[in-house]
Amino acid sequence: MKKTMVIPAIFITAMMIIPMSCKTETPSDLSKGSVIPKPVSITATGDYFTLKEKSSIFIRGEADEMIQIGQYLADKLNPFTGFATKVKTTSSEPRSGNIYLSLSDPDNKLGDEGYELTITKKLVTLTAGKPAGIFRGIQTIRQIIAKDSASKKPGVFKIAAGTITDYPDYSYRGMMLDVSRHFFGVEDVKQVIEYLAFYKMNVLHLGLSNDQGWRIEIKSWPNLALHGGSTQVGGGKGGYYTQEQYSDIVKYAKERYITIVPEIDMPGHTNAALASYAELNCNGKATELYTGTEVGFSTFCTNKEITYKFIDDVFRELSALTPGPYIHIGGDESHSTKIEDYIPFVNRVQEIVTSHGKQVLGWDEIALASLKPNSVAQWWANVSNAQKAVSQGAKVLMSPAVKAYLDMQYDSTTPLGLHWAAYIEVDEAYKWDHATIVPGLGKENIIGIEGALWTETITNLDEIEYMVFPRLPGYAEIGWTPSSMRNWDEYKYRLAKQAEYFKAMDINYYPSKRVPWDE
């Protein structure tokens, strides 16, 4: 692996060095920026705000959560500017030359994650109804400052003036990281979380179990991690998260307004559990650990009560560690489970999940069962399953393999990934509308979008980056920006401007020839 985790205070440093190497000029048109996702509304004034050494970040009131967000922004700005920008609280308007963060009426049109950013010659003012909106707006500030050039006068930074009003089109904008086929440590996961935060995504779905590995400590069934987590694809060492480490990931994500969705796949994709506990098999014999990449050969014994005791224990412990609303039950590719066993199994597992106060999320095959209210089917392959889920009153999360699977190769020449679903170039990843791609499904049926990175061929952070960038910003924009405002021929130029950020951060991205990087 090429690197260790870049701590949050340093995450923006290299990215914000970009302007130093560019031709310096006074910013004048906020609408010409390269913000991703594209904001809902931008009005430019042609003026600019000057950030100076004496500038401060002011927080209205003394709420600890807002102060924490303000400090997050300071930690990102200071390494770039060389200033020691302080976070201060105030009960009135701050003086000119400062950044001002303030909560407004929570019932306004901005919702939970929307914000309004007003940049004048005198002040940068960011307002939102909820702290999450302030945090999303901070990412826009970061991108604007990264793009705008510093003035020729040392210690002075000019930022284009205007107003941005912005809020997401969909409430769920996520990425799935499969840590079961190949294991990725806590620091790698945190780095992925930072990437998601920068592009205003709000969910990280962790695939914690599969045939090749079990990655979360379950205290009532300790051999799951100790034995089931001991290997990975190709026969490497594997690994797992202790409950303390998992809680650390959850906390780190929560501080960035990102929800962790844990997945325990079942009744198929379960060999790691079947190898750990013989009683989960119908013949009472433990299977061998598996390090290959085939699918569909494993299944829980669905007519044993011990199976449901096991699932209840796992979900009880996992629910206690996970404050988010969802537990993902998998449900995909259960080819070794007879349909007459699969349906009652999924029905019963749903009852277990809801008994622990969580909502059910599963791959689209779960729609073959009787879905409970508030369940979500994640569409990846079968259109009829998505339609069946909606007919039962469930919602759908859009992750079509042919568009949104990050493990698919860009083309036949790229060294990593697979292509069983499609080759997915950067433009193909962006040019689709999740509200129209499935006949019979409309925006009202869909909670959002998730790009999924399975890791059969992915072994380290370098390789994660190569598959994720530059497709991830596009998925972020699909989830945030209304489809009527999205256009590849415009977006590709904003994406191209992200290259300096990728390079400065040493992100191992794919330089697609379909993006005008040099322009």
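Can you tell me how many residues within segment 332-373 are among the polar types (S, T, N, Q), closer than 19 Å to Leu397 by Cβ and part of a helix (DSSP H, G or I)? Residues in segment 332-373 being among the polar types (S, T, N, Q), closer than 19 Å to Leu397 by Cβ and part of a helix (DSSP H, G or I): 2 in total.
With respect to Leu224, is the statement that it is outside any loop (DSSP other than H, G, I, E, B), modelled with pLDDT of 95 or more and within 19 Å of the chain's Cα centre (by Cα) true? Working first, answer last.
Numbers: outside any loop (DSSP other than H, G, I, E, B): yes; modelled with pLDDT of 95 or more: yes; within 19 Å of the chain's Cα centre (by Cα): no.
No: the conditions fail for Leu224.
Is it the case, given these coordinates, that Pro325 is in contact with a strand residue (DSSP E or B) (Cβ under 9 Å, 6 or more places away or on another chain) and within 26 Å of Ser355 (Cβ to Cβ)? The answer is yes for Pro325.
Every residue in segment 227-252 that is outside any loop (DSSP other than H, G, I, E, B), touching a residue at least 12 places away in the same chain (Cβ under 8 Å) and either open to solvent by 20 Å² or more (accessible area, probe 1.4 Å) or more than 15 Å from Leu318 (Cβ to Cβ) (or both), please.
So the first thing to find is which residues in segment 227-252 are outside any loop (DSSP other than H, G, I, E, B), and the list is 233-235, 241, 243-252.
Okay, now just the ones that are also touching a residue at least 12 places away in the same chain (Cβ under 8 Å), so 233-235, 241, 243, 245-250, 252.
Listed by number, the residues that qualify are Val233, Gly234, Gly235, Gln243, Gln245, Ser247, Asp248, Tyr252.
Considered as a group, the residues in segment 145-169 that are open to solvent by 10 Å² or more (accessible area, probe 1.4 Å) and modelled with pLDDT of 95 or more include one that is farthest from Leu126 (Cα to Cα), and that residue is Asp169. Against the list (1) open to solvent by less than 20 Å² (accessible area, probe 1.4 Å); (2) out of contact with any Leu (no Cβ under 7 Å at 6 or more places or on another chain), the condition Gly111 fails is (1). Please enumerate the residues belonging to segment 46-76 that are within 23 Å of the chain's Cα centre (by Cα) and open to solvent by 10 Å² or more (accessible area, probe 1.4 Å). The answer is Glu65, Gln68, Gln71, Tyr72, Asp75. Here is the figure for segment 77-101: residues that are of a type outside the set (Lys, Arg) and surrounded by 14 or more Cβ atoms within 10 Å (Cβ to Cβ) total 15.
Please work out which residue is surrounded by the most Cβ atoms within 10 Å (Cβ to Cβ), limiting yourself to segment 20-45 and to residues that are of a type in the set (A, V, I, L, M), modelled with pLDDT of 65 or more and not in a loop (DSSP other than H, G, I, E, B). Don't jump to the end; show me each part of the working.
Filtering segment 20-45 down to residues of a type in the set (A, V, I, L, M) leaves 20, 30, 35-36, 40, 42, 44.
Now drop any that are not modelled with pLDDT of 65 or more, which leaves 30, 35-36, 40, 42, 44.
Adding the requirement that they be not in a loop (DSSP other than H, G, I, E, B) leaves 30, 42, 44.
Numbers: Leu30: 25, Ile42: 20, Ala44: 18.
Within segment 20-45, the match that is surrounded by the most Cβ atoms within 10 Å (Cβ to Cβ) is Leu30.
For segment 257-305, the tally of residues that are surrounded by 22 or more Cβ atoms within 10 Å (Cβ to Cβ) and either in a loop (DSSP other than H, G, I, E, B) or aromatic (Phe, Trp, Tyr) (or both) stands at 9. Test Leu472 against the stated conditions and say whether it is in contact with an Asp or Glu (Cβ under 8 Å, 6 or more places away or on another chain), surrounded by 16 or more Cβ atoms within 10 Å (Cβ to Cβ) and touching a residue at least 40 places away in the same chain (Cβ under 8 Å). So Leu472 fails the test. Pairs meeting the criteria (first residue in segment 333-345 and among the aliphatic types (A, V, I, L, M), second residue open to solvent by less than 50 Å² (accessible area, probe 1.4 Å) and assigned to a loop (DSSP other than H, G, I, E, B), beta carbons under 6 Å, at least 6 apart or on different chains) are Ile343/Ala369.
Condition check ((1) acidic (Asp, Glu); (2) over 30 Å from Ser375 (Cβ atoms); (3) open to solvent by 10 Å² or more (accessible area, probe 1.4 Å)) across all residues:
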site: Tyr430; (1), (2), (3): no, no, no
site: Ile458; (1), (2), (3): no, no, no
site: Ala476; (1), (2), (3): no, no, no
site: Trp480; (1), (2), (3): no, no, no
site: Tyr491; (1), (2), (3): no, yes, no
site: Lys497; (1), (2), (3): no, yes, yes
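Selection of segment 486-511 for residues being among the polar types (S, T, N, Q) and within 22 Å of the chain's Cα centre (by Cα) yields Gln498, Asn508. Taking every residue in segment 119-142 that is touching a residue at least 60 places away in the same chain (Cβ under 8 Å) and among the aromatic types (Phe, Trp, Tyr) and pairing it with any residue that is buried (at least 22 other Cβ atoms within 10 Å of the Cβ) and not in a loop (DSSP other than H, G, I, E, B), at least 6 positions away or on another chain, the pairs with Cβ-Cβ distances below 7 Å are Phe135/Ile69. For beta carbons closer than 8 Å, sequence separation of 6+ or different chains, a first residue in segment 62-85 that is farther than 22 Å from Met505 by Cα and a second that is basic (Lys, Arg), the qualifying pairs are Met66/Arg60. Flag not set for Ile449, criterion: of a type outside the set (Ser, Thr, Tyr), over 30 Å from Ser370 (Cα atoms) and within 18 Å of the chain's Cα centre (by Cα).
In summary, strands (runs of 3 or more DSSP E) completely within segment 108-207 and bearing 1 or more residues that are among the charged types (D, E, K, R) occur at 115-119, 156-166, 172-178.
The values are calculated or read from the model by the stated rules, or taken from the named source; none is laboratory data. The shown structure was predicted, so the numbers you read here are calculated from the model rather than taken from an experiment. Backbone-built Cβ (ideal geometry, glycine too); neighbour counts: all protein chains shown. Side chains included, ligands, DNA and RNA excluded: accessible areas come from the protein's heavy atoms. Shrake-Rupley method; radii C 1.70, N 1.55, O 1.52, S 1.80 Å.
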